[in-house]
Amino acid sequence: MKTRKFCPKCGQALTKSSTEGYAFQCLTCDEDFYEIEAICKEEKLTLDDVKEEYHKSDVCMGETLALIPADSLSLEEAFQLYIEAMKWAEGDRFYKSENDEPPQEI
């Protein structure tokens with residue numbers, strides 16, 4: 001399981017910094033942090049984590065999901081979490097179709 005990094009000031013998830021010499025950036029605080037300053041959590045990202053981030057932000061769920069690192073998830077897990085989050089926040093509906101069968105809601 002991979003480690004997620006969080007801001008030591010506000011607790012929001014950190015992204016990789018584009019500023020040379022810094023490892024992470026908090027988009028909420030608009031501040032860069034060294035690797036040693038980041039708060040580490042070794043747990044998988046859950047829908048509850050996404051909901052918490054969503055409630056703290058002023059953007060739509062799609063933008064919130066784009067900002068949250070999903071390093072602890074496989075591609076399949078990240079896709080499933082995306083579907084669950086978009087259904088919950090936006091009321092989106094998702095369908096799959098296999099072998100020329102009619103689409104089925106997932």
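Just so you know, all these numbers are worked out from the coordinates, no wet-lab data involved. Just so you know, these numbers come straight off a predicted model, no measurement behind them. Because the Cβ atoms are built from the backbone with ideal geometry, glycine has one as well, and the counts that use them run over all protein chains shown.
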> Å³ per residue of the Cα convex hull, for the chain?
Replying inline: 116 Å³
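Work out which GluC sites (Glu not before Pro) in the chain are exposed loop sites (DSSP not H, G, I, E or B, at most 12 other Cβ within 10 Å) and give the longest gap free of them. The partial results should precede the final answer.
Details: sites that count: 20, 42, 43, 98.
In short, 44-97.
If you take the beta carbon distance between residue 44 and residue 67 as r and set R0 to 22 Å, what does 1/(1 + (r/R0)^6) give as a FRET efficiency, to the nearest 0.05? Walk me through the numbers before you get to the answer.
Values: r = 18 Å, r/R0 = 0.80.
E between residue 44 and residue 67, to the nearest 0.05, is 0.80.
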> When we measure straight from the Cα of residue 51, which aspartates and glutamates land under 18 angstrom away, once same-chain ones fewer than 8 places off are left out?
Replying inline: 43, 63, 71, 77, 84, 90, 92
> Taking only Cα atoms, what is the 0 to 90° angle, nearest 10, from helix 47-56's long axis to the longest principal axis of the chain?
Replying inline: 60 degrees
> With respect to the cross-link table entries 41/96; 16/87; 9/87; 5/96; 16/44, which display a Cα-Cα separation exceeding 25 Å?
Replying inline: 41/96; 16/87; 9/87; 5/96
>> Out of the trypsin sites (Lys or Arg not before Pro) in region 10-106, which ones are loop residues according to DSSP with at most 15 other C-beta atoms within 10 Å?
In response: 93
> chymotrypsin sites (Phe, Trp or Tyr not before Pro) within region 30-88: which are DSSP loop residues with at most 14 other Cβ atoms inside 10 Å?
Replying inline: 34
